[in-house]
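Asker: Pasting a structure below so you can have a look.
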Amino acid sequence: MNFAESVSYLYSLGNEVLAMKLGLETVQALASAVGNPQQKFPAVHIAGTNGKGSTAAITEAILRAAGFRVGLYTSPHLISITERIRVDGSDISETDFARLATLVRQAGETLVAEGKLAASPTFFEQVTTIGYLHFAEHKVDLVVLEVGLGGRLDATNICQPAVTAITPIGFDHQQYLGNTLAAIAGEKAGIIKENVPVIVALQPDEAMQVIAARAQDLKALLISVAGESFSVESGNAGQYRLRYRNYNALLNLRGRHQAENAMTAILIAEQLRQLGWKLDQQAIEIGLSSANWPGRLQLIESPKFPTPMLPILIDGAHNPAGAEILRNFLAENYAGVPITLIFGTMADKAAIEMAELLFPIAQHVILTQADNPRAASPQSIAEQTKTLRQDSVCTETLAEALLKAADITPADGLIVVCGSLYLAGELLHHFTTNVARSVLPESDCAI
């Protein structure tokens, strides 16, 4: 298969969430069939509801600053599937992706033909195995792995972790993970391994009790951000300075909440140092101040955007906890600025709860949908939220929503696009193809 064929094949397996099969048996069989590449490198394994991607990005930046050859596996992608698999900051090439996708496909089809599997491995199982193979081929020193969904039964959970971490837990994907914080925490805590240290971000008590019990049962050292004292100071353009012990760094990622993700990454690095990895304070501070994670509180403006030119804040907030973070960020950094909210979410997400947090802060609300089979229609969102907002405008595409926003937003206003990482990715693709420029350093716009 060439690259286009490999992507087409993977997408033919079904939406990675809707066609998902939780469980490790298939991915274990698939990995074994291609030589168990996941056993050829240690990992930092990160689960959580919110912040796991940012924490992974910061951790990877710290390790790279220390001179290690680092792999990074994240999901979903924003523009290209190659973004999910990175070595030393570079996406896997389309050529390598196609070659490894062909190998993995053939292995899966052979397992089915031999009766060892009842059905082909899923999209996520195959992409994860492609990642394992790429990291093994490049002989990385360590891989930072972001869990796809949950943890206990996620395809990433066959890795060999040196350290695990759990970022803040909240309500999301309840149909798969359970309807209580305790149940969700139990799934996330499934990545904890015997005698492997686990770093835990600030958690609701109900979640923390489950995580602590699991760590105790497995004799895993638990280090909690809640036990550390740190301070956060406002900087410019929504960035914040973190002070912790001797650390002093202006975080590259926007938002006060990134201080907690940074703390989790610092504690991961310090545990790795305890295990013999050479990670000094300078490398950690460089990583904190250089980490990049597009689509999360990313501020851009486009010279080709319809007049008047307006700044656009993109945020992949896709659940109530993420929406609350976005609302707090806007209240702290854009108080008094007229905001036009372009909002679109997936049909299985808590649209009403997110709208309750975000709609009141907006002067205008435009509803739209991402080009994704899971996307909620703007009309369905309008119906669900009609008691909150009677003047919402429905648009069928993001392009239409952008044109409407340009027409109704005052010259001193801000357009905020949020509700889904798929929507964020679609917008970034729009700006990439239209030669957008970022108000962040140029590298921060690269996908």
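The values are calculated or read from the model by the stated rules, or taken from the named source; none is laboratory data. No experiment lies behind these values; they were computed from the predicted model shown. For neighbour counting, all protein chains shown are included, and Cβ atoms are generated from backbone atoms with ideal geometry for every residue, glycine included.
Asker: Checking the structure you have, find out if any residue of segment 138-146 is hydrophobic (A, V, I, L, M, F, W, C), in contact with a Cys (Cβ under 8 Å, 6 or more places away or on another chain) and not assigned by TED's automatic domain parsing to the domain that holds MET354.
Answerer: So far as segment 138-146 goes, yes, one or more of its residues are hydrophobic (A, V, I, L, M, F, W, C), in contact with a Cys (Cβ under 8 Å, 6 or more places away or on another chain) and not assigned by TED's automatic domain parsing to the domain that holds MET354.
Asker: Restricting the first residue to segment 2-17 and requiring it to be at positive phi, which pairs with a second residue that is assigned to a loop (DSSP other than H, G, I, E, B) meet a Cβ separation below 8 Å and a spacing of at least six or different chains?
Answerer: Close Cβ pairs (under 8 Å, with a partner that is assigned to a loop (DSSP other than H, G, I, E, B)) amount to GLY14/THR122.
Asker: While we're here: Would you confirm whether or not segment 59-70 contains a residue that is crowded, with 24+ Cβ neighbours inside 10 Å, out of contact with any strand residue (DSSP E or B) (no Cβ under 8 Å at 6 or more places or on another chain), modelled with pLDDT of 95 or more and not in a loop (DSSP other than H, G, I, E, B)?
Answerer: Yes.
Asker: Is it the case, given these coordinates, that ALA220 is within 30 Å of PHE135 (Cα to Cα) and outside any strand (DSSP E or B)?
Answerer: Taking the combined requirement at face value, the residue satisfies it.
Asker: Kindly indicate whether any position in segment 125-142 is within 26 Å of ALA259 (Cβ to Cβ) and of a type in the set (A, V, I, L, M).
Answerer: Scanning segment 125-142, I find at least one residue that is within 26 Å of ALA259 (Cβ to Cβ) and of a type in the set (A, V, I, L, M), so the answer is yes.
Asker: Inspect all residues belonging to segment 314-328 and state whether any of them is touching a helix residue (DSSP H, G or I) at 6+ places or on another chain (Cβ under 8 Å), of a type outside the set (D, E, K, R), surrounded by fewer than 18 Cβ atoms within 10 Å (Cβ to Cβ) and at pLDDT below 90.
Answerer: There is no residue in segment 314-328 that is touching a helix residue (DSSP H, G or I) at 6+ places or on another chain (Cβ under 8 Å), of a type outside the set (D, E, K, R), surrounded by fewer than 18 Cβ atoms within 10 Å (Cβ to Cβ) and at pLDDT below 90.
Asker: Return the pairs, sorted by first residue and then second, in which the second residue is among the aromatic types (Phe, Trp, Tyr), the first residue lies in segment 185-198 and is touching a residue at least 60 places away in the same chain (Cβ under 8 Å), the beta carbons are less than 8 Å apart, and the residues are 6+ apart or on different chains.
Answerer: Going by the 8 Å Cβ cut-off, there are no qualifying pairs.
Asker: Could you list, ordered by first residue, the pairs with Cβ atoms under 6 Å in which the first is in segment 146-169 and within 14 Å of GLU194 (Cα to Cα) and touching a residue at least 60 places away in the same chain (Cβ under 8 Å) and the second is surrounded by fewer than 22 Cβ atoms within 10 Å (Cβ to Cβ) and among the basic types (Lys, Arg), at least 6 apart or interchain?
Answerer: From segment 146-169, the pairs are PRO161/LYS193.
Asker: Can you confirm whether LEU222 is aliphatic (A, V, I, L, M), crowded, with 23+ Cβ neighbours inside 10 Å and in contact (Cβ under 8 Å) with a residue 12 or more places away in the chain?
Answerer: Against the criterion (aliphatic (A, V, I, L, M), crowded, with 23+ Cβ neighbours inside 10 Å and in contact (Cβ under 8 Å) with a residue 12 or more places away in the chain), LEU222 does not qualify.
Asker: For segment 90-187, list the helices (runs of 4 or more DSSP H) that sit wholly inside it and hold at least 2 residues that are in contact with a helix residue (DSSP H, G or I) (Cβ under 9 Å, 6 or more places away or on another chain) and at pLDDT 95 or above; which are they?
Answerer: It comes to 94-113, 123-137.
Asker: Considering segment 238-286 alone, what residues qualify as being surrounded by fewer than 16 Cβ atoms within 10 Å (Cβ to Cβ) and of a type in the set (Ser, Thr, Tyr)?
Answerer: TYR247
Asker: Which pairs have Cβ atoms under 7 Å, sit 6 or more apart or on different chains, and link a residue in segment 288-308 that is within 28 Å of ILE266 (Cα to Cα) to one that is surrounded by fewer than 20 Cβ atoms within 10 Å (Cβ to Cβ) and modelled with pLDDT of 95 or more?
Answerer: From segment 288-308, the pairs are SER289/LEU250.
Asker: Could you give every pair whose Cβ atoms fall below 6 Å, whose first residue belongs to segment 400-424 and is within 12 Å of PHE343 (Cβ to Cβ), and whose second residue is of a type in the set (S, T, N, Q) and surrounded by fewer than 24 Cβ atoms within 10 Å (Cβ to Cβ), counting only separations of at least 6 or pairs across chains?
Answerer: As it stands, the answer is ALA401/THR395; ILE415/THR409, since those pairs meet every condition given.
Asker: Just one of (1) out of contact with any Lys or Arg (no Cβ under 7 Å at 6 or more places or on another chain); (2) surrounded by fewer than 19 Cβ atoms within 10 Å (Cβ to Cβ); (3) in contact (Cβ under 8 Å) with a residue 24 or more places away in the chain; (4) not assigned by TED's automatic domain parsing to the domain that holds ALA411 trips up ALA331, so point out which.
Answerer: (4)
Asker: Are any of the residues in segment 87-98 in contact with a His (Cβ under 6 Å, 6 or more places away or on another chain) and either closer than 20 Å to THR156 by Cβ or of a type in the set (Asp, Glu) (or both)?
Answerer: So far as segment 87-98 goes, yes, one or more of its residues are in contact with a His (Cβ under 6 Å, 6 or more places away or on another chain) and either closer than 20 Å to THR156 by Cβ or of a type in the set (Asp, Glu) (or both).
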